[in-house]
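Take a look at the structure below.
The values are calculated or read from the model by the stated rules, or taken from the named source; none is laboratory data. Note that this is a predicted model, so its numbers are computed, not measured. Don't worry about glycine lacking a Cβ; one is built from the backbone with ideal geometry, like all the others, and counts go over all protein chains shown. Heavy atoms of the whole protein, side chains included, go into the accessibility calculation; ligands, DNA and RNA do not. Shrake-Rupley method; radii C 1.70, N 1.55, O 1.52, S 1.80 Å.
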Amino acid sequence: MKTDKIIVKSRTENLSKIRDFISEKASRAGFGKDDIDNMILAVDEACTNVIKHAYKFSPDGDIIIEIKQDKSAFTITIEDNGISFDPDVVPSPDLQKYYREHRVGGLGMYLMKTLMDEVKYKSVPGKFNRVSLTKKIKAA
């Protein structure tokens, strides 16, 4: 299993650094543009949630991004030490209503689950939050 890791501070200007990291590793793993774009969008959502909710826009929190890859899966893990949350209390969005009301944001969990093959969330309050986003690697 191959592992790559970066740590950035919880600032929105670091999102481009994260996107570049994901893009480079995913393309090296053989993913096509659509899959890579989906992964970047899912990771962007996860990291934005960390900045907004876990760290409440404090610019000095760490966001740890780790990519693990084996023959069958490409998993991106995003970890922080901010405020934890329970993804099970996030209701599935009513997309029609959402669209009618021209709402923005709040679709992070829904998007992550839609764009990735598997989403796992683990939280140990006072210690860490970890979201794992997995894309299966199709055999050539």
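Only one entry in 126, 108 is open to solvent by less than 30 Å² (accessible area, probe 1.4 Å), among the small types (Gly, Ala, Ser), at pLDDT below 95 and over 24 Å from residue 3 (Cβ atoms), namely 108. Would you be able to tell me the number of residues in segment 129-138 that are assigned to a strand (DSSP E or B), open to solvent by 40 Å² or more (accessible area, probe 1.4 Å) and under 18 Å from residue 32 (Cα atoms)? Count: 1. Go through segment 36-57 residue by residue and tally those that are within 13 Å of the chain's Cα centre (by Cα) and either open to solvent by less than 50 Å² (accessible area, probe 1.4 Å) or not aliphatic (A, V, I, L, M) (or both). Total meeting the criteria: 15.
Listed here are the residues, each with its yes/no results for (1) hydroxyl-bearing (Ser, Thr, Tyr); (2) more than 15 Å from residue 78 (Cβ to Cβ); (3) touching a residue at least 40 places away in the same chain (Cβ under 8 Å).
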| site | (1), (2), (3) |
| --- | --- |
| 10 | yes, no, yes |
| 13 | no, yes, no |
| 18 | no, no, yes |
| 21 | no, no, yes |
| 30 | no, yes, yes |
| 33 | no, yes, no |
| 37 | no, yes, no |
| 44 | no, no, no |
| 51 | no, no, yes |
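Counting only residues that are free of Cβ contacts under 8 Å to residues at least 60 places away in the same chain and either hydroxyl-bearing (Ser, Thr, Tyr) or open to solvent by 60 Å² or more (accessible area, probe 1.4 Å) (or both), segment 60-74 holds 1 of them.
Scanning segment 1-34 for residues that are hydroxyl-bearing (Ser, Thr, Tyr) and touching a strand residue (DSSP E or B) at 6+ places or on another chain (Cβ under 6 Å) yields 3, 10.
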